[in-house]
Amino acid sequence: MTQTATQTIALVDDDRNILTSVSMALEAEGYTVKTYTDGEEGLAGITANLPDLVVLDIKMPRMDGMEVLSKLREQSAIPVIFLTSKDDEIDEVLGLRMGADDYITKPFSQRLLIERIRSILRRNDVRKQPAPSQDEAAKNMIERGNLVLDDARHLCM
């Protein structure tokens, strides 16, 4: 299942094999992919041309992923997924507290990474959509007891 609108994903990792394989998988899903091999290069590229989502390694030369995320959060709420070999719980907690949207440890499943990207982008798109009028909203609501499904915005309340 490929996404419809072209969305750009920035991949920042010093492992060229990961950059190549993940780029190919994302491009096969219809995404535009920009790759960067270190934190400094990644931060410069991301801030110059803001992508829809960033996949970021932590352990990198010149500037680590935590610092990149910190600098990104000073200027943007762009979704960020850490993809890293740092698998200590404290690193994951720190990454999420700093503002990462997800944290995936290496080795990883490309299929799962793509689904998590798709999920975050879908939620981000829903937030960007204007709220429907009350009449339009009522047409898209399905109520069953305490459960309300907003079909148009893909929300369950």
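The values are calculated or read from the model by the stated rules, or taken from the named source; none is laboratory data. Because the structure is predicted, anything quoted here is derived from the model rather than measured. Counting neighbours? That spans all protein chains shown, and the Cβs are built from the backbone with ideal geometry, glycine included. Areas reflect the complete protein model, heavy atoms only, side chains present, ligands, DNA and RNA absent. Shrake-Rupley method; radii C 1.70, N 1.55, O 1.52, S 1.80 Å.
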Task: J(HN,Hα) series, the stretch 114-122, from Karplus relation 6.51 cos²θ - 1.76 cosθ + 1.60, nearest Hz, glycine and proline x - done: 4, 5, 5, 4, 4, 5, 5, 5, 4
Open item on the list: Rounded to the nearest 10 Å², what accessible area does Leu112 have for a 1.4 Å probe in the complete protein model?
Closed with: 80
Task: Sequence-distant residues sharing a close amide H with Val80 (under 5 Å, placed H) - done: Val54, Asp101, Asp102
- [ ] Taking amide H positions as placed in the peptide plane 1.01 Å from N, state which residues far from Thr35 in sequence (5 or more) or on other chains have amide H under 5 Å from it.
- [x] Leu11
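Report the gain in length on full extension from Asn124 to Asp88: 0.36 nm times residue separation, minus Cα-Cα distance, nm rounded to one decimal.
Values: separation 36, 0.36 × 36 = 12.96 nm, distance 2.80 nm.
Gain on stretching Asn124 to Asp88: 10.2 nm.
If you rank Met63, Met24 by how much accessible surface each has, with a 1.4 Å probe, what is the order from largest down?
Working: Met63 20, Met24 125 Å².
These residues rank, largest area first, as Met24, Met63.
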TODO: Leaving ligands, DNA and RNA out of it, work out the accessible area of Thr8 with a 1.4 Å probe and give it in Å² to the nearest 10.
DONE: 40
TODO: Go from 0 up to the bin containing the longest alpha carbon distance in the stretch 1-90, width 5 Å each, and give me the % of pairs per bin.
DONE: 3, 15, 26, 26, 17, 10, 3, 0
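Quick one, what does Rg over Rh come out to for the stretch 72-120 if you take C-alpha atoms and the Kirkwood Rh? Walk me through the numbers on the way to the answer.
Numbers: Rg = 11.1 Å, Rh = 11.4 Å.
My calculation of the ratio gives 0.98.
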- [ ] At 0.36 nm per residue, minus the direct Cα-Cα distance, what do Asn146 and Thr47 gain on full extension? Give it in nm, one decimal, please.
- [x] 31.3 nm
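Scan the stretch 1-95 for GluC sites (Glu not before Pro) in coil per DSSP, keeping those whose Cβ has at most 13 other Cβ atoms within 10 Å, and list them by number. List each step's numbers first, then the result.
Details: sites: Glu27, Glu29, Glu40, Glu41, Glu67, Glu74, Glu89, Glu92; in loops: Glu29, Glu74.
The qualifying sites are Glu74.
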Open item on the list: Assuming 0.36 nm per residue, please report the length gained on full extension of the stretch Glu74 to Thr20 beyond their Cα-Cα distance.
Closed with: 16.5 nm
Open item on the list: Can you tell me, using C-alpha contacts under 8 Å and at least 6 residues apart, the relative contact order of the stretch 1-89 as a whole percent?
Closed with: 29
